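Report on one structure; see the data block that follows.
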């Protein structure tokens, strides 16, 4: 066993040797979590990796993985890395144009799809991806064919005819092809003939039912999107298709015959081997491919668990997609220490029962989950009886005052302008803790404990990253006794740079750097000038976790890495003692008003998001005379407000244009962003525009990690911005 593993392969085999019989992962089957031991997990990796060799995958090949979180994802990724090949992860929801760009740019030779959606969309860009030689499917796809016709092992047979009439499922699929010209259909030769005949006889009727007016081109268009699969498919096409199970089966057969090639290649891996190319979300311009090596990942794997506090007794509930670097490294860390991971989803109808069933000790999350939970709890309280509302509000008021005093005594409030609290402040905090101690215990027993039970009751802490928690959300969970430890990092840094921990949970910060990470704050106009603690500047970092560079983009690499220091592009400041980091925004997001004032919109957006009536908000105003806020209202709250205030309206578009509703949001803005709350005069004057549709990934407003594409939003809503910002 390697005492000091330098590669992912060595880390994996170490854990299998040390924790073989322990549970590594849990996967739902018939709504029950079933355990998979470390030995079983590694056998799956060996089998799949050996199967990849059998179909021609070799060292240094680049292989796309387009899927969301599931056991097969990490099995595939570690098998690819075991072959000293490179994975290219993409979300399962990625559009086909994005798939085409990233698979092309990354020089991918093969791709693994989650299932039917991804395979269907592949055919829209197949001609642009001639280098793809192998396609592997986690889930089998639906194929229309007669019983007894040839069905490839990667497909499930579906009838296209029933009692000499078109089958309902087939009819529904044909209708969807009319409504969505990006969809394709997979069928047998006989099913294709049936489809041609059916369209000849029924096209006009179909058009009428779907309110379509185009004539003969409809049949031609549908038939173009009919993917015919027969016995010779893999031999006659430039690519071959296999199921995940088939590749695994091929590998098992070879292993049973004594084939050790996978293990031999794995042992030869080097620290500088390229492991993955992860494409950044691309808030501006084309995405950049971040190259990460064994050395990059191993830095985090060795340093993050002891720093953050992950151990072999932990049970992690995974709710984030594995293609995201943050989720991926947490899963690597749990493997390295012998902990277990159970796969869930970030939807309350799935997540809440899973929390109750699994009772996790750890949870990997993003701020959106906690902000939604915070709002959900407040909504439930507001709908409850007056007695329950009174008890909850009293408990929160007591809890916030008590916890604030406790943090002062425990030195867990960040100080940016001085080293310590004064003796008078400490004495006042001691008196508050003494005065409210019994009240807090009562509030905890009657109110807070019941809220904590929603998480299963065993949660030691949750790791939150991928964005900053709003201060109100941070305070709320600190008050009720759920420890949400913020961390910080970027794809380019593998990703973890800093993290709050159980022992050093410094509120409003992203914690201290983990071992081996250097961080300095420099002047935004002069990067050679390091700023004193407490001052806001650009965050630079250095260490083995910094990426190898951007794939096929040395110019951009040289822009962000100078003398080993990586420019994060984030604005931050250190506490006065230099130990902890607080983020305040992104340098690219900084708004400069016409009068020369510099404003960080993130701080304002976090504050505005505290409003019960705001679902999404983006602050705008570059080169304008004043700031503006584009707001997507919380529709349910808005309807409730309209009902209580007798505001009549026909639809949501009419409602958000009413004087009463516009006035409501103007008052909310003035209440939350004011001089009394510490904001400067030019930050507290905003024009407000209410939008009927929310910002989405599909509309091009958000990145895959749900960050605002400010540049795209500014272009789309230019007229609104001109109107409200002067």
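The values are calculated or read from the model by the stated rules, or taken from the named source; none is laboratory data. Treat the numbers as computed from the prediction; the structure is a model and nothing was measured. As a convention, Cβ positions derive from the backbone with ideal geometry for all residues, glycine included, and neighbour counts pool all protein chains shown.
Which members of the range 541-570 meet the condition of being in a helix (DSSP H, G or I) and under 23 Å from residue 584 (Cα atoms)? Before the answer, list the steps.
Going residue by residue through the range 541-570, those that are in a helix (DSSP H, G or I) are 554-560.
If the condition is that a residue be in a helix (DSSP H, G or I) and under 23 Å from residue 584 (Cα atoms), then 559, 560 are the ones that fit.
Return yes when residue 68 is at pLDDT below 95 and assigned to a helix (DSSP H, G or I) and no when it is not. Talk me through it step by step, then tell me what you get.
Values: at pLDDT below 95: yes; assigned to a helix (DSSP H, G or I): no.
Against the criterion (at pLDDT below 95 and assigned to a helix (DSSP H, G or I)), residue 68 does not qualify.
Scan the range 351-372 residue by residue and report those that are free of Cβ contacts under 8 Å to residues at least 40 places away in the same chain and within 17 Å of the chain's Cα centre (by Cα).
Across the range 351-372, the qualifying residues are 351, 372.
Determine whether the range 500-510 contains at least one residue that is in contact (Cβ under 8 Å) with a residue 24 or more places away in the chain and assigned to a strand (DSSP E or B).
Looking for residues that are in contact (Cβ under 8 Å) with a residue 24 or more places away in the chain and assigned to a strand (DSSP E or B), one finds none in the range 500-510, hence no.
Of all residues in the range 559-585, which are buried (at least 18 other Cβ atoms within 10 Å of the Cβ) and touching a helix residue (DSSP H, G or I) at 6+ places or on another chain (Cβ under 7 Å)?
Correct list: 566, 571, 585.
What's the number of the condition residue 427 fails, among (1) free of Cβ contacts under 8 Å to residues at least 24 places away in the same chain; (2) surrounded by 15 or more Cβ atoms within 10 Å (Cβ to Cβ); (3) part of a helix (DSSP H, G or I)?
(2)
Taking helices (runs of 4 or more DSSP H) that do not extend beyond the range 649-725, which have at least 2 residues that are touching a residue at least 12 places away in the same chain (Cβ under 8 Å), within 31 Å of the chain's Cα centre (by Cα) and over 24 Å from residue 636 (Cβ atoms)?
Working: elements: 652-656, 659-672, 710-716, 718-725.
Hits in the range 649-725: 710-716.
Across the range 634-657, what is the total count of residues that are in contact with a helix residue (DSSP H, G or I) (Cβ under 8 Å, 6 or more places away or on another chain) and surrounded by 15 or more Cβ atoms within 10 Å (Cβ to Cβ)?
The qualifying residues number 10.
Among what's in the range 107-120 and is crowded, with 21+ Cβ neighbours inside 10 Å and touching a residue at least 60 places away in the same chain (Cβ under 8 Å), pick the residue that is nearest to residue 322 (Cα to Cα).
Once the filter is applied, the top-ranked residue is 112.
Does residue 668 satisfy being surrounded by fewer than 19 Cβ atoms within 10 Å (Cβ to Cβ) and at pLDDT 90 or above?
Values: surrounded by fewer than 19 Cβ atoms within 10 Å (Cβ to Cβ): no; at pLDDT 90 or above: yes.
The answer is no for residue 668.
Assess whether residue 16 counts as being crowded, with 17+ Cβ neighbours inside 10 Å, on the phi < 0 side of the Ramachandran plot and not in a loop (DSSP other than H, G, I, E, B). I'd like the intermediate steps shown before the answer.
Values: crowded, with 17+ Cβ neighbours inside 10 Å: yes; on the phi < 0 side of the Ramachandran plot: yes; not in a loop (DSSP other than H, G, I, E, B): yes.
Spelling it out, residue 16 is indeed crowded, with 17+ Cβ neighbours inside 10 Å, on the phi < 0 side of the Ramachandran plot and not in a loop (DSSP other than H, G, I, E, B).
Just give me the residues in the range 322-348 being in a loop (DSSP other than H, G, I, E, B), modelled with pLDDT under 95 and in contact with a strand residue (DSSP E or B) (Cβ under 9 Å, 6 or more places away or on another chain), in sequence order. Steps first, please.
Residues of the range 322-348 in a loop (DSSP other than H, G, I, E, B): 322-324, 338-339, 344-347.
Of the ones still in play, those that are also modelled with pLDDT under 95 are 322-324, 344-347.
Result: 322, 323, 324, 344, 346.
Just a yes or no: is a residue in the range 124-136 touching a strand residue (DSSP E or B) at 6+ places or on another chain (Cβ under 8 Å), crowded, with 18+ Cβ neighbours inside 10 Å and closer than 25 Å to residue 170 by Cβ?
yes
For the range 253-272, what are the residues that are touching a residue at least 24 places away in the same chain (Cβ under 8 Å) and over 19 Å from residue 12 (Cα atoms)?
If the condition is that a residue be touching a residue at least 24 places away in the same chain (Cβ under 8 Å) and over 19 Å from residue 12 (Cα atoms), then 254, 259 are the ones that fit.
Just to be sure, is residue 88 surrounded by 15 or more Cβ atoms within 10 Å (Cβ to Cβ), more than 32 Å from the chain's Cα centre (by Cα) and over 23 Å from residue 231 (Cβ atoms)? Full working, then the answer.
On the way: surrounded by 15 or more Cβ atoms within 10 Å (Cβ to Cβ): yes; more than 32 Å from the chain's Cα centre (by Cα): no; over 23 Å from residue 231 (Cβ atoms): yes.
No; evaluated as a whole, the condition is false for this residue.
Working carefully through the options 517, 496, find the one that is in contact with a helix residue (DSSP H, G or I) (Cβ under 7 Å, 6 or more places away or on another chain) and surrounded by 20 or more Cβ atoms within 10 Å (Cβ to Cβ).
Going through 517, 496 in turn, the sole match is 496.
Might you check whether a residue that is modelled with pLDDT of 95 or more and either assigned to a helix (DSSP H, G or I) or closer than 30 Å to residue 105 by Cα (or both) occurs anywhere in the range 523-540?
Scanning the range 523-540 turns up at least one residue that is modelled with pLDDT of 95 or more and either assigned to a helix (DSSP H, G or I) or closer than 30 Å to residue 105 by Cα (or both).
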